[in-house]
Structures are given as C-alpha cells and as structure tokens.
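The values are calculated or read from the model by the stated rules, or taken from the named source; none is laboratory data. All of these numbers come straight from a predicted model, not from anything done at the bench. Please note: Cβ atoms are built from the backbone with ideal geometry, for glycine as well, and neighbour counts cover all protein chains shown. Quick note on the areas: whole protein, heavy atoms, side chains included, nothing else; ligands and nucleic acids left out. Shrake-Rupley method; radii C 1.70, N 1.55, O 1.52, S 1.80 Å.
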Amino acid sequence: TNYDTIISYANAYDTIPMFPVFEVSHYILMILAVRQDFQEGTKHLAQTNPLVCWFCSMLSSFAGGILANFLLGQPILAAFSNHINIGIATIVWYLIFYCPGDVFFNLVSSFPAQLLFIPFKEVIRMRKIAGGVAQAAAIYPSGFLVMLIIGTVKGTGSMQMRNIERLLRGTSGPSSNQLTTPSFTMKGSILISLLIVLQRYMMLPVPLSLLLLCCMLTMATVKVFVLYGSRDP
Amino acid sequence: TNYDTIISYANAYDTIPMFPVFEVSHYILMILAVRQDFQEGTKHLAQTNPLVCWFCSMLSSFAGGILANFLLGQPILAAFSNHINIGIATIVWYLIFYCPGDVFFNLVSSFPAQLLFIPFKEVIRMRKIAGGVAQAAAIYPSGFLVMLIIGTVKGTGSMQMRNIERLLRGTSGPSSNQLTTPSFTMKGSILISLLIVLQRYMMLPVPLSLLLLCCMLTMATVKVFVLYGSRDP
Amino acid sequence: TNYDTIISYANAYDTIPMFPVFEVSHYILMILAVRQDFQEGTKHLAQTNPLVCWFCSMLSSFAGGILANFLLGQPILAAFSNHINIGIATIVWYLIFYCPGDVFFNLVSSFPAQLLFIPFKEVIRMRKIAGGVAQAAAIYPSGFLVMLIIGTVKGTGSMQMRNIERLLRGTSGPSSNQLTTPSFTMKGSILISLLIVLQRYMMLPVPLSLLLLCCMLTMATVKVFVLYGSRDP
Ligand SMILES: [Mg+2]
Ligand SMILES: [Mg+2]
Ligand SMILES: [Mg+2]
C-alpha cells in the first residue's frame, strides 16, 4: 500500500549513515557561522590567534553534546575524546579560515552549496534531537521535561554556545539570547523535541523514522525558502 | 518531664509532610520574587515571553537542588524530572502571572497571606538545609566544608540563581551578590548549616529535630518582625 | 654511566613529597596573587568582607582541581573535602592578610623569598600537570585532547579562575583572558601537557620523571630570570 511505501522510505532514511557527508556539512555550516561571528566582532582573530579560532570552531561544532553533558552531569569534554570527528572538524576549520585565495570559503558559502548543506544540516539535526531525547530518557525514563530540554539543546547547541564563545574571545558584541528572542530553528527544535517525546509516550501513532522524515522535510523546506528569500527579496 | 514534651513536639514537627501546603507556600514566595524582579528590569516579560517567564519561575523554585547538583557533579536537570512538583509550580506560576484581575497575586502578596507564607517558607527552608547537609555527607562523609556550602546553597538557592536568571532574560539590572552583601537569610542559612553540621559531629547535644524547630522559630520570628517593620516603619 | 646518574636524580626528584613545603609555597603564591588582584580592584575587601576574601583565596589555591573536575563531570567541591589542605591554606590566608604589621606579607613577597617560592611552585605545577593528564587518561584512555586540556587547566587553574573570582566579588576590573592573551605560564603548561601526552603514547623515549625534571628546570629558570629582569630592568 501507499503507507507501507512511505514507511519503507522512512526506514531507509533512518538508516542513512551520518558519517561522513552529513557530519561534514554540519561542521562546514557551524564553522562558517563562527567565521561570520568573528567578522562582526574582533577582526582577523583567525590570523592573530589561531588557537582561539580553532577552539571556538570546535565548541560550535560539538556544542550540542557539550551542553547536554553539562546539564546531565556527564563529562563536558567527552566530545574532545572522539578523534575522528575532531580531526575532520579541524580539517574543515583549516580550509574555511586558511585556504589560499579563500577558495574553500567562497565555494561553501556560495548559493548552490548552501542549497545542498542546509537540508543536510536538517537531516543531522533530527538525529541529534532524537539522540538527545534518548540520552535524557536513559537517565530519567519518565522525565519528559528533561527529554524536551536536552532535545532542544542538542538541536540548537551552537546558538546557545555563541555567547560562551564570545566570552572566551573577549568580544563584547551584541549578545544573542535564544530564550528571549528565539530563532525559527529554536522554535522548530522545541516543537520537534515535543513531537518525539509524544511519540515516545505512544501519543503519536507513527513510527519514529517517519516522524523524523516529516520534521526534516518541513525544516529543510522552510530553511531553503528563507535562503531564497534572503537572496532575492 | 518538660524536656521530653519539647522533644515530642520537635519530633512531631519533624514528621510534618512538606507536601502540599509548605511546598506550595515555597513556590508562591519564589514566583512572587520573580515577578517583582521582572518589574524592576524588563516590564511585561510575562506577556511578551511566557516561556522565559515560566523558565525563570521554575529555576527560582528549584534553585537549591539545581545549584547543589551542579556543585556535586550530579545532573543539573534532576529537578525537572519530578513532574508533580513541576506541575504544582506551573499552576502557581500561571495563577500569579495570568489570573484575571490579578486576584491571586493581590491575595498572596497581601499582608495576612505573607504573615502565613513566610513562616511556612522557613519550615521548608530548614528541611532543605538539613537535606543539603545530608546529601553532601552521603558523598563526602567527613567533608564538613562541603556540607556547609551545600546546606547554605540549598537554603538560599533562589538568591544565588537570581543573577543567572537575569542573564537568561538579557536584563542588565543591578546585580545582587550574596557573597559581598549577604542578606539576613544568607547569614542565617550559613549559621544554621553550621549548627546542623556540628550536631552531625555530635558537638551539639540536641536531637536534629529540636535543632531544626528552634532554628525555624528564630528565623520565622525575625522575618515576621521585618515584615511588620517594613509595613509600619 | 652518566645517563643512569641523571635518571636516578630524576627518580629521586619524582619521589619528593609535595607536602608540606611545596604545597605551602603554592598556597603562598596563589594567595599573594589574590591580594594583589584585590588592590587593583576593590580596596580593603579583606577588612570589610573576610568571608569573600577567604573564599577567593581557596578558589585560587584549589583552582586546578575545581576546574578539572567541572570539565570531567566530577564533584566541583571535592577540593573542599580535604581538610588538611584547606586548613593549611587557611593559615596562609590569615597570615598574608591579617598578620600584624604585614610582617608575613612583606616577608613572603620579598625578593629572596620569591626566589625560593617560584622554583618550588614550578615543582608542584609539574606534578599537577602530570596528575591532570593521568586523571583524564583514567576516564578517556585514548583521549589525547582531553588529557591536553585537563593538563593545561591543572597547571594554570588560578589564572582561569581569576575572572570567576572577580565576578563573585562584584569587581569590574580589566578581565584577564588566558585564551586570547596567553601568559608565558599558559604557553608553557600547554607545551608541557603535550610533552607528557607524547611520552604517554611512547613517542618520547624518556622516563616521565626525567621529562618532568627537565620541564621544571626550564620553567623555573625562565621565571627566575623574569623575576630578576622585572627587578633590575
Ligand atoms: Mg550542534
Ligand atoms: Mg530554594
Ligand atoms: Mg593551581
């Protein structure tokens, strides 16, 4: 039947390995955002202080895990023990900041590349949110609020981490506060965390894979439209 | 004898369940303080951003547990897994901020209601301090400084949390610093933590229940007198 | 042979107990730095608020352990459960701030005393860095970045803690940022952590005790020269 076909698509989607294409897309978008944040605040920090630049890039790339572990009383530095991920993120960081002629930066921040990376990022965001809800449920099996908070934090980690990075860099730019002025991504992540928690409590009669597929498609569609809009207003 | 009668009163006091009357008094006073802090800083945040308003109210209501867990390397979000407490605090939050005609707010912030809630709050504060000392003793059986710090933090959680809440709200009001300018409650909580630790080390020859009763009566008396004084100077 | 003699010296160095001479030197230097930091910001805080003064002194003295435990999800207050260390640090704190005629302060901040304490401090710093690397390795046996970060944090704890202390004191002095403007000690600690990690991975063919001895001698020599230089420019 039709529904069975959709389910089989959803299951196929659910088994796509994140590594390496989606992971790399995530690192590219995160470190691009760090570079953009640098230009607003301290200029040329990448030249004068590569260590801080690298550290902020890693904090952004692994923000979700760092913050979730902090909130759950687990080692904050856990992300730094995964050398393969850190290594790939370091290569991406190097290419974005120091590639001769800014070739890599211009390539990945071009419109067609963004059109590719932004949906990829939403794929990995759904995995991260679902993983966060599962991580919280492993510690508090009935703690639906904890699941909701950890899911949201895993989905929007780099935004929450932005102010901490600015503090570490000593930049006094305009602070972004996702609680008082939530972005679309923040609102979406809260809603998706809520849907995943409801599905977990058997209050949504759909398989998790299908739910994640629908959420991903919705987020990616909206984000691509926003990208189009900001380009041709 | 006379002493036996007092001990029996103290033991009776020690077995009063905190739930629900004392818990509710605690939530009412904590969330009233959040509303008061809002009016000094950002106005009407409750209308424009109910989510932040709710989050700050929960942080204040469960501040002691959150900070104690942070200092002891335990999950910070543990308080959010207790749905009954969160549910009751949410109802109190709703009534204080959104009750039509501010009926509930005017009722609970009236003088007679305060006269009732303030002693109730001291009852629950003693329980929280004693619980904090016991929690620290379970991890560091001979760590009397750790017991002292955790006891104080559990007794004055919401005051320590105030600055964190303001940061989350993006308010740049005058920061309150309980370390440099300790309030009466802060000083009292340090002293009571010290007494409980001394009792634990068998250096005070009274049962814990009697000690808590005396401390509670002293704190409540002083606070009620302060309330009278601020009303009719 | 000659190398064997050096190794035997290194092993003898490695078994020197830190307690009490080196520990006390560490506390003296840390609490002197707190007093110096006070004079730049809030004056006479030691007189008006001894509790904050004591708390900042303890945070500085045990900064490495506090921050390392924070980053590894272990109890932040662990240092406060070691009463002998806290007791000795408290005696040093009392003598530095409240000794009549500032006799102790003038004594320990004199040039000959500094000439003694600064090398002693480097001895204990090497132990702390090696201990930090081992602590991280116990949790993440192959997490070389985690070892590097924890080693650096253990070696430079009090510098990282400075801004937190200023926040607790409510001082708004010039913030020191070891990430953007690293001191010589910071750079040295990163390098030494790296060397210890490399030795651990069998990539440096020297015993750990010899490596620590060489690093200590280098750091102490440079620091003593800097001390001479700042005195007679
Ligand atoms: Mg992330
Ligand atoms: Mg409290
Ligand atoms: Mg230190």
remark   = Within region A:27-56, the count of residues that are modelled with pLDDT of 85 or more, out of contact with any Cys (no Cβ under 6 Å at 6 or more places or on another chain) and under 13 Å from A:Phe105 (Cβ atoms) comes to 7
query = Is one or more of the residues making up region B:59-69 open to solvent by less than 30 Å² (accessible area, probe 1.4 Å), without any contact (Cβ under 8 Å) to a residue 24 or more places away in the chain, under 20 Å from the mean Cα position of the chain (by Cα) and within 11 Å of another protein chain (Cβ to nearest Cβ)?
reply = yes
query = Restricting attention to region B:126-134, does a residue exist that is under 16 Å from B:Arg35 (Cβ atoms) and away from chain A (no Cβ under 14 Å)?
reply = no
query = Is region B:95-115 home to any residue that is among the hydroxyl-bearing types (Ser, Thr, Tyr) and within 14 Å of chain C (Cβ to nearest Cβ)?
reply = no
query = Given the conditions (1) touching a residue at least 12 places away in the same chain (Cβ under 8 Å); (2) under 21 Å from B:Leu167 (Cα atoms); (3) not aliphatic (A, V, I, L, M), and given that B:Asn49 satisfies all but one, which numbered condition is not satisfied?
reply = (1)
inquiry  = Given the options A:Ile88, A:Ile124, A:Ile118, name the one that is under 18 Å from the mean Cα position of the chain (by Cα), of a type in the set (A, V, I, L, M, F, W, C) and within 30 Å of B:Ala78 (Cα to Cα).
reply    = A:Ile124
task = Among residues belonging to region B:146-170 that are surrounded by fewer than 18 Cβ atoms within 10 Å (Cβ to Cβ) and more than 14 Å from ligand 2 (Cβ to nearest atom), point out the one that is farthest from B:Arg127 (Cα to Cα).
result = B:Gly170
message = Among the residues that make up region B:19-26, is at least one of them out of contact with any Cys (no Cβ under 8 Å at 6 or more places or on another chain), open to solvent by 20 Å² or more (accessible area, probe 1.4 Å) and either away from ligand 2 (no atom under 16 Å from the Cβ) or within 27 Å of A:Lys187 (Cβ to Cβ) (or both)?
response = yes
inquiry  = Among the residues of region A:90-108, what is the count of those that are among the hydroxyl-bearing types (Ser, Thr, Tyr) and under 10 Å from A:Tyr27 (Cβ atoms)?
reply    = 1
ask   = For region A:86-111, how many residues are open to solvent by less than 30 Å² (accessible area, probe 1.4 Å) and in contact (Cβ under 8 Å) with a residue 40 or more places away in the chain?
value = 6
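Quick one: count up the residues across region A:72-84 that are at the interface with another protein chain (Cβ under 7 Å from one of its Cβ atoms), crowded, with 21+ Cβ neighbours inside 10 Å and among the hydrophobic types (A, V, I, L, M, F, W, C). Explain how you work it out, then say what you get.
Going through region A:72-84, the residues at the interface with another protein chain (Cβ under 7 Å from one of its Cβ atoms) turn out to be A:72-77, A:80-81.
Adding the requirement that they be crowded, with 21+ Cβ neighbours inside 10 Å leaves A:72, A:75, A:77, A:80.
If we keep only those that are among the hydrophobic types (A, V, I, L, M, F, W, C) as well, we get A:72, A:77, A:80.
Total meeting the criteria: 3.
Give region B:136-145 a look and list any residue that's within 11 Å of another protein chain (Cβ to nearest Cβ) and either open to solvent by 10 Å² or more (accessible area, probe 1.4 Å) or touching a residue at least 60 places away in the same chain (Cβ under 8 Å) (or both), or say none.
Matches in region B:136-145: B:Ala136, B:Ala137, B:Ile139, B:Tyr140, B:Pro141, B:Ser142, B:Phe144, B:Leu145.
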